[in-house]
1. Quick check on segment 94-119: of everything there that is of a type in the set (Val, Ile, Thr) and surrounded by fewer than 19 Cβ atoms within 10 Å (Cβ to Cβ), which residue is farthest from Lys171 (Cα to Cα)?
2. Could you tell me whether any residue of segment 84-102 is part of a helix (DSSP H, G or I), within 15 Å of the ligand (Cβ to nearest atom) and more than 29 Å from Met243 (Cα to Cα)?
3. If we keep just the residues of segment 233-266 that are away from the ligand (no atom under 16 Å from the Cβ) and on the phi > 0 side of the Ramachandran plot, which is surrounded by the fewest Cβ atoms within 10 Å (Cβ to Cβ)?
4. Output yes when any residue across segment 106-115 is assigned to a helix (DSSP H, G or I), out of contact with any Leu (no Cβ under 7 Å at 6 or more places or on another chain) and under 17 Å from Ile62 (Cα atoms), and no when none is.
5. For Val121, are the conditions met, namely being under 15 Å from the mean Cα position of the chain (by Cα), under 17 Å from Ile62 (Cα atoms) and free of Cβ contacts under 8 Å to residues at least 40 places away in the same chain?
6. Could you go through segment 37-55 and let me know if any residue there is within 10 Å of the ligand (Cβ to nearest atom), under 22 Å from the mean Cα position of the chain (by Cα) and in a strand (DSSP E or B).
7. Any residue at all in segment 275-282 that is modelled with pLDDT of 95 or more, of a type in the set (Lys, Arg), within 16 Å of the ligand (Cβ to nearest atom) and outside the structural domain of Lys69 (by TED's automatic domain parsing)?
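The values are calculated or read from the model by the stated rules, or taken from the named source; none is laboratory data. Treat the numbers as computed from the prediction; the structure is a model and nothing was measured. Because the Cβ atoms are built from the backbone with ideal geometry, glycine has one as well, and the counts that use them run over all protein chains shown.
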Amino acid sequence: MANIGFIGLGHMGNPMAQNLAKKKHKVHVFDLDESSVHIAVSGGCIAASSALEAATGRDFVITMLPAGKHVKSVLLGEDGLMELIPEPGFFIDCSTVDIQTSLDMHDLATVKGHHVLDAPVSGGAAGAKSGTLTFMVGGLADAFNKAKPILECMGKNIFHAGAATHGQAAKLCNNLMLGIHMIGTSEAFLLAEKLGLEAATLQMISNASSGQSWVLSKYCPAPVLEGTPAMNDYKPGFTGAMMLKDLKLATDAAHHSDLALPLTEKAEDLYDDFCREHAGIDFSGIIEFLKIR
Ligand code: NAD
């Protein structure tokens, strides 16, 4: 049984922390939002009154925060946990953040003698709840091997992507493909409708043909698959705002690497337009937005 600090109890972090508690780990939780802490406590976690209290003296400290600036404020800087915790800690950041923040986190951990892994996830709130997330982990192999049994309490596929920041790199590259697939698939269904081809028929044919993808087979933007946001008024799921965030992280990383990603940039522009009015709608709802453009 490990003693774990868990900070950030939103859509993802709350069920992840509760899954750790279900596996009999002692999970000390903190979130700025008290009601999220109460939910986690009802799921077997232990409330802490600050991030420092949640993190001090723990075997592992897991963060699941909205973006890079939150990770910076909690972990880095003069008031950050890496500075305030004197003994060597073990930090696992599961948030999706920009490559530079992730690199800063690894660099500071090295200076302070902490272990650290970047470990963003795929699988959404449903995967967080069912404990079937995919973890993409960057950092030293030794640290990865130590953290793996903990990550296995929250996920099904635990990949060591490579050195520091490679977990974030894998996440950004994956979601870049996802964003583009969603737009491409939406366009195919819009054309099919104009040509008089039934959406369910196209889904069936392409699912067995070269247009097949995870979007088409599991998360179709046309309302043909039970349990998808398309069958539920595009309630999220994974919001357009989150897809836009991840596409921005990918294009920023490309700019810093002197690489042009024309399709990703176009996808980012389309999601940017979509989010002006529909940021809280599932990202597959872009099909409705493309229809009226
Ligand atoms: P969320 O907004 O639901 O939760 C974030 C939580 O962090 C909130 O409860 C907020 O109060 C808390 N928080 C913010 N600043 C804090 C601070 N300084 N101290 C303590 N708590 C703080 O976000 P989420 O949907 O749970 O996503 C978390 C991360 O996971 C993001 O980086 C997101 O990109 C990534 N992600 C989300 C999904 C998804 O489907 N939601 C899927 C994969 C990855």
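1. The qualifying residue farthest from Lys171 (Cα to Cα) is Val111.
2. Within segment 84-102 (the criterion being part of a helix (DSSP H, G or I), within 15 Å of the ligand (Cβ to nearest atom) and more than 29 Å from Met243 (Cα to Cα)), the answer is yes, since at least one residue qualifies.
3. Asp258
4. Yes, that holds for at least one residue.
5. So Val121 fails the test.
6. The answer is no, given that none of the residues of segment 37-55 is within 10 Å of the ligand (Cβ to nearest atom), under 22 Å from the mean Cα position of the chain (by Cα) and in a strand (DSSP E or B).
7. no
Quick grid of which residues meet (1) touching a helix residue (DSSP H, G or I) at 6+ places or on another chain (Cβ under 7 Å); (2) not small (Gly, Ala, Ser):
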| position | (1), (2) |
| --- | --- |
| Gly237 | yes, no |
| Leu244 | yes, yes |
| Asp252 | no, yes |
| His255 | no, yes |
| Leu259 | no, yes |
| Glu265 | yes, yes |
| Arg276 | no, yes |
| Ser284 | yes, no |
